[in-house]
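The values are calculated or read from the model by the stated rules, or taken from the named source; none is laboratory data. For clarity, every value in this text was computed on a predicted model and none was experimentally measured. Every residue, glycine among them, receives a Cβ derived from its backbone with ideal geometry; neighbour counts consider all protein chains shown. In case anyone asks, the SASA skips ligands and DNA or RNA and just uses the protein heavy atoms, side chains included. Shrake-Rupley method; radii C 1.70, N 1.55, O 1.52, S 1.80 Å.
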Amino acid sequence: MPVVKAVTCPVCGSLCDDIELTIENGRIVKVKNGCAMCEAKFLGYCCEHRVLKPMIRKDGELVKTSLKEAIRRAAEILAEANYPVLYGWSNTSCEATSVGIELAEEVGGVIDNTSVVCHGPSILSIQDVGIPSCTLGQIRHRADLIVYWGSNPWSAHPRHIERYTSFSEGRFEKSAWRGYVTKIKALVGRKKIQSAIKRLVLKKPSQISTHLEPTFVSPIMRKGRKLIVIDVRRTKTAEMADFFVQVEPNKDYELLQAFRALIRDQELAVDKVAGVPVEYLEDVADAMVSCDFGALFFGLGLTMSGAKLRNIDAALSLVRDLNMRTKFIIMPMRGHFNVTGANTVSTWQTGYPYAVDFSLGYPRYNPGETSVVDVLLRKESDAALIVASDPVSNFPHKAAEHLAENPLIVIDPHMNVTAQMADVLIPSAFVGIEAAGTAYRMDHVPIPLKKVVNPPRGILPDEEILRRILAEIRKIKKKQEAA
Amino acid sequence: MMVNLYPLKELKLPIVAECINPDIFQGKKPAEIEKLEVWEGNKQKKLGELFKAEIAETEDASENTVVVIHGDISRVKRIGAGMKNGEIIIKGDAGMHLGEEMKGGKIAVYGNVLGWAGSMMKGGTIEIHGNAGDYLGAPYRGSTEGMKGGKIIVHGNVGREAGAHMHKGIVKIYGCAGQFAGFRMHGGTIYVQKDCEARTGACMVEGTIVVSGRIESVMPSFTIEGVKKKVKIEEGEVVETPFYLFLGDLTENGRGKLYVAKDKNPHLSHYEKYL
Amino acid sequence: MELLIRNGFVYDPVNGVNGEKMDIAIKNGKIVEKVNERRAKKIDASGMVVMPGGVDIHSHIAGGKVNSGRLLRPEDHFKDFERKTVTTRSGVGYSIPSTFTTGYRYARMGWTTVMDPAMPPLEAKHTHEELSDTPIIDKASYPLLGDWWFVLEYLKNGQIEECARHVAWMITATKGYAIKLVNPGGLEAWGFGRNVNSIDDPVPNFGITPREIIRGLCKVNKLLNLPHTIHVHTNNLGKPGNYVTALETMECVEDLADGDKPVIHITHCQFCAFKGDDWRTFESGAEEIANYVNAHSHVTMDMGQVIFTDTTTMTADGPFQYILYTLSGNKWVNHDVETETSAGIVPFHYRRKSFVHATQWSIALELALLIKDPWKILMTTDHPNGGPFIAYPRIIAWLMSRKAREATLKKINPKARSRSLLPSIDRELSFYEIAIVTRAGQAKALGLKNKGHLGVGADADIAIYGFNPEEMEPSKKYKAVRRAFKRAAYTIKGGQVVVKDGEVLKHMDGATMWLDVQLCEPCEIELNEDMKRRFKEYWTVGYENYPVTEDYLAVSHPITVKADV
Ligand code: SF4
Ligand SMILES: [Zn+2]
Ligand SMILES: [Zn+2]
């Protein structure tokens, strides 16, 4: 049976590229090295919700049609639109996004990617403060202090810790895996050790038991690689941390600013910040300034709560300030496997990472104004193209409502909620499984995606579908000009 | 000269119309005004396709061009952007970027205004009788060039980050303010007559923020400096009630002043022990 | 397709043509002896200057760092945009233009070849994706190799040949063009927030000095017979007193020179020609550098001219960028790349009235004018570090006209003015010399045989400028010079007219040049178990996914190089 090595996992922003797939009769039958999410995707992508035929809405019903007809209809909708939105892009290749941008420019639309509802706000703060960062290997080799803030990689980026941070082995820093096992031993009985080890080896997060007691045995000052978790709740990642700081919901900004003051050796005129006694914070601040190389990862728990984008402003400023004392970097935990790529391509072609409005014939950018969610909330758009995304199920209700009212084109392998509302639905191949391309890891390292099996008959990759729509639009426009 | 503009239809698409500016209208006939270019969605249009322009000669022969817009123009962006002279009166709601980079003259809105009103303003006055959106007077993304002068008065409430990166000038809010009022402020004055959400003055370096109502909380990176009997907002406007004076933001080694009315904020009384 | 450019004043220094009125014939993208006069399309260049297309040896136009700069600065470009036209894509400009705009703006000035000088190998695909999206111009990129762990380890052990083989593999794997060193050793140190302070300061954890790295890679460069020399951004860049480091860097490879062939290129030399102990006593070290270069033939360099404007500094020199952040207080991006390199970005405003900035402006011009041989000092701004490349016409005017220099001198910081050497320099470059510092010399330093000249067989990359040297004196009419270079009358790329009167006529792909380095014995690095093991240990990307495959290049133009190892 053929085994394909070094396959990149098209699931999360960790973009592990060491997956081995066994193929039998044109189907993936075995996945090696991947986490549970990875296995689920490679083994289960070809499930029953797959759309196999282009569809078009006629008299309120989605009916099957030819690809040619679907593309023609899609092109008509976009060519006629006065303010179309083109949204998605984080679960497809950079190559597809690139065509998407050309399409948006051609039809004078607004192109936006899913970062608008995840780390887009983080980008706004990067634009104010900057960002001291690095590639993930740098952390593996050098970091002796890892902080996860508002992020639970154990569940959302299962191999992040093992490949890049605490449990990875680098040139100057050893894995903290052993220490973690010892700690568990001290805390719980034999049975739990086994389940913990199972977790590490089998990576089945669902089997985790949940009652580890909180520990404040100040392991914070010990030598070697340390892990700090800061979150509103005790997540699974928090359980393995050397130090866990439970922050009052929506008070991250205050906590971050307190840290900023503390590392400048300022006295705080309060006893507690965000529900945490200042002495604890002083310990954590000490650990931060005394490490050799610190890394702060933040997730949506930080970006989407309380002060929102300004949480990130404070986090970036904190890490920047820490560089006066030691080496420290910060990185957003990007979710979708190629959301970073969508931002990257958009930036080099238009100057802006997301929420790009071409309606005036050149790129304009102002999230809040040109971001798709806001455009929909103000009911401004009059047509929509959705690629590899399901906004109807995760946008605010009012925005989703307006989206469904627009003539709606959906390109997706799945019959998701948005697809069900489509006026034109064009099924596509799974990028990274049935179609090749490039994706960018959360640290901006580009990694190729492989085509390991063929898509179902007649099904094209996003890139190709978009190219055909673009060509069709140009044809329509030529005709109009001639007329 | 007075120019009246009447929308010809309900405006649904976003419209960019920086030509609605007294400096540009000045001396033009209605037909010329209607020929000015605007964008409606992704189509370039003439102003006359969206608005009807009428000129009413005013009795007073002053040179001031007054533009009066009748109706809801909340979809129309960049009205009065960069204007230097004259006056715009909007009898209805107005769209984003109203009076952006304005240098002089006056804009009055008898309705609500969306985000970025008075963004990067350098001079002149904007008076909003309804509510204002987010980023009132704040700079464009990535820029630190906030308000450098002029005056913004809002009689209703405002959204987030009013007066962010402000260097000079004054913002008076007679309603409530959203979070981060005066964010990264470097100078100037912000007055909030009613309540303030959290993180007021975060990362401010200099300047003055006065809150007469209740403030949700004061950042831990501010220190209390004392209690003042009254605070002067501007020439002729003094608020006579005791205020706590906080200094901050420590994280930026800031010396900004945050005045918070004592009576409305008993939850801050614990700070008094440091005095 | 045949094309005939008639009656222009031709400046082609490689072939010794100095302003002679002559015709240039083009067929199938190349310059030929003659074409069929009746059939050929004709361009009347009478009263105009004809030069080879401009070549830029050092301009950050693509890749992760450049793109982070774009992302960081919406306020830099929101007012400088280009609308979509029937033929061209839209984009934004100012200091870090989007890719399409970059290509168009170079072409508008008559530039047709541009080298991106800093490619982190791990992110090479990104650089190439952007280069492929940069229209019209031909381009190439230099992988950053001065702090690559393989290099440090092999050189430490004295294994030059082994080092050379791995460098060869890397250049080909990244589709690179030259060996780039940035603050050698300092970037590895920056991994832990440190730096090196001289070329003899050992690199922490590696027991090797910058001197050994520079010499080692210089030898490697020779062993591999690469067309360009090592391309060096010196240690201590941007620090007062660093002209000594620059001199030491040049001296340290003096003995490796054979004949008159250069073995080292010192890039953006202005930034390493600082004298003085601190910013107060800061002064120009241009004279010392120029004296050295005038007496030696193993060095080429480029200017790194400073322009008084708001720009975005970006280099692989992480520690330098951090200093720039602490000096300016502006926003700061840092991006270290595992086992290889680092990068930093800080927006920066060069002000006329600042003593330091005005002195920097003067230093670059002093270098260009005091170094006698124009083949040794090439015109750059280290785009966008000294200023965006669209400022080239202004620099050309300063080089050609004392009057132009005086006009600017009048407006700068008085202390800087009184200390500037410029008032004492009369030299004014001719069009012939301008053709050297902006194209012929650049192509020669790069070893680009078909670029930078108009001889038979050369690529038909040509710029035509609307300036009549018979009627006007460039030194007096420097504003007309500026206008002429700002908008080329014609730019011809690969035999096609791509720009007319400063307007881009078509969007077409340019080629990406890269070195296919062939070793004597085809070495088995690709399959080598040791390499695989080290890959696993050193990088977080698998060995199979690391190299840049040719399909990342819109138009791939491999150049075969036969190595001596
Ligand atoms: S961590 Fe993410 S990228 Fe890696 S295998 Fe799991 S889902 Fe895939
Ligand atoms: Zn450099
Ligand atoms: Zn450079």
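Points worth noting:
- The residue list C:312, C:267, C:281 contains one member that is within 16 Å of ligand 3 (Cβ to nearest atom) and either open to solvent by 10 Å² or more (accessible area, probe 1.4 Å) or within 14 Å of chain B (Cβ to nearest Cβ) (or both), which is C:312.
- Residue within segment A:77-89 that is more than 14 Å from chain B (Cβ to nearest Cβ), among the hydroxyl-bearing types (Ser, Thr, Tyr), more than 16 Å from ligand 2 (Cβ to nearest atom) and part of a strand (DSSP E or B) present: yes
- In segment C:85-122, the qualifying residues are those that are among the β-branched types (Val, Ile, Thr) and in a loop (DSSP other than H, G, I, E, B), and the one that is nearest to ligand 2 (Cβ to nearest atom) is C:96.
- Candidates C:335, C:296, C:357, filtered to the one that is open to solvent by 20 Å² or more (accessible area, probe 1.4 Å) and within 11 Å of chain A (Cβ to nearest Cβ): C:335
- In summary, residue C:230 fulfils each of the numbered conditions (1) open to solvent by 10 Å² or more (accessible area, probe 1.4 Å); (2) within 16 Å of ligand 3 (Cβ to nearest atom); (3) touching a His at 6+ places or on another chain (Cβ under 9 Å) with the single exception of condition (1).
- Residues in segment B:148-199 that are crowded, with 24+ Cβ neighbours inside 10 Å, charged (D, E, K, R) and away from chain A (no Cβ under 14 Å): none.
- Boolean, residue A:102 is within 30 Å of residue A:118 (Cα to Cα) and away from ligand 2 (no atom under 16 Å from the Cβ): yes
To keep it simple, each residue is scored yes or no on (1) within 15 Å of ligand 2 (Cβ to nearest atom); (2) over 30 Å from residue A:326 (Cα atoms); (3) more than 21 Å from the chain's Cα centre (by Cα).
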site	(1), (2), (3)
C:190	yes, no, yes
C:209	no, no, yes
C:214	yes, no, no
C:232	yes, no, no
C:269	yes, yes, no
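- Candidate set from segment C:364-388 (those that are more than 12 Å from ligand 3 (Cβ to nearest atom) and farther than 18 Å from residue C:431 by Cα); member that is surrounded by the most Cβ atoms within 10 Å (Cβ to Cβ): C:364
- Unmet requirement for residue C:327, which otherwise passes all of (1) away from ligand 2 (no atom under 16 Å from the Cβ); (2) within 14 Å of chain A (Cβ to nearest Cβ); (3) touching a residue at least 24 places away in the same chain (Cβ under 8 Å): (3)
- Condition check for residue C:87: touching a Leu at 6+ places or on another chain (Cβ under 7 Å), under 23 Å from residue C:461 (Cα atoms) and not assigned by TED's automatic domain parsing to the domain that holds residue C:537: yes
- One residue alone among A:70, A:6 is open to solvent by less than 40 Å² (accessible area, probe 1.4 Å), of a type in the set (A, V, I, L, M) and within 14 Å of chain C (Cβ to nearest Cβ), and that residue is A:6.
- Residue check for residue C:521: more than 30 Å from the chain's Cα centre (by Cα) and of a type outside the set (Gly, Ala, Ser): yes
- Set side by side, the residues B:248, B:236 differ, and just one is at pLDDT below 95, of a type outside the set (Ser, Thr, Tyr), open to solvent by less than 10 Å² (accessible area, probe 1.4 Å) and closer than 22 Å to residue B:167 by Cα, which is B:248.
- Residues in segment B:214-225 that are open to solvent by 10 Å² or more (accessible area, probe 1.4 Å) and in a strand (DSSP E or B): B:223, B:224, B:225.
- The one condition from (1) modelled with pLDDT under 95; (2) closer than 19 Å to residue B:90 by Cα; (3) open to solvent by 70 Å² or more (accessible area, probe 1.4 Å) that residue B:58 does not meet is (3).
- Test result for residue C:428, assigned to a loop (DSSP other than H, G, I, E, B), more than 16 Å from ligand 2 (Cβ to nearest atom), free of Cβ contacts under 8 Å to residues at least 12 places away in the same chain and not polar (S, T, N, Q): no
- Selection status of residue A:94, under 28 Å from residue C:129 (Cβ atoms), within 16 Å of ligand 1 (Cβ to nearest atom) and not polar (S, T, N, Q): no
- Screening A:13, A:44, A:26 for residues that are closer than 23 Å to residue A:428 by Cα, in contact with a helix residue (DSSP H, G or I) (Cβ under 7 Å, 6 or more places away or on another chain), of a type outside the set (A, V, I, L, M, F, W, C) and outside the structural domain of residue A:460 (by TED's automatic domain parsing) leaves exactly one candidate, A:13.
- Residues of segment A:239-264 classified as in contact with a Ser or Thr (Cβ under 6 Å, 6 or more places away or on another chain), open to solvent by less than 10 Å² (accessible area, probe 1.4 Å) and of a type outside the set (A, V, I, L, M), total: 2
- Restricted to segment C:21-64, the set of strands (runs of 3 or more DSSP E) holding at least 1 residues that are out of contact with any helix residue (DSSP H, G or I) (no Cβ under 9 Å at 6 or more places or on another chain) comprises C:30-32, C:41-44, C:49-52.
- Scanning segment C:104-146 for residues that are away from ligand 3 (no atom under 15 Å from the Cβ) and within 12 Å of chain A (Cβ to nearest Cβ) yields a count of 14.
- Selection count, segment A:436-467, where residues are among the small types (Gly, Ala, Ser) and in contact with a helix residue (DSSP H, G or I) (Cβ under 6 Å, 6 or more places away or on another chain): 2
- Condition met for residue C:47 (on the phi > 0 side of the Ramachandran plot and more than 16 Å from ligand 2 (Cβ to nearest atom)): yes
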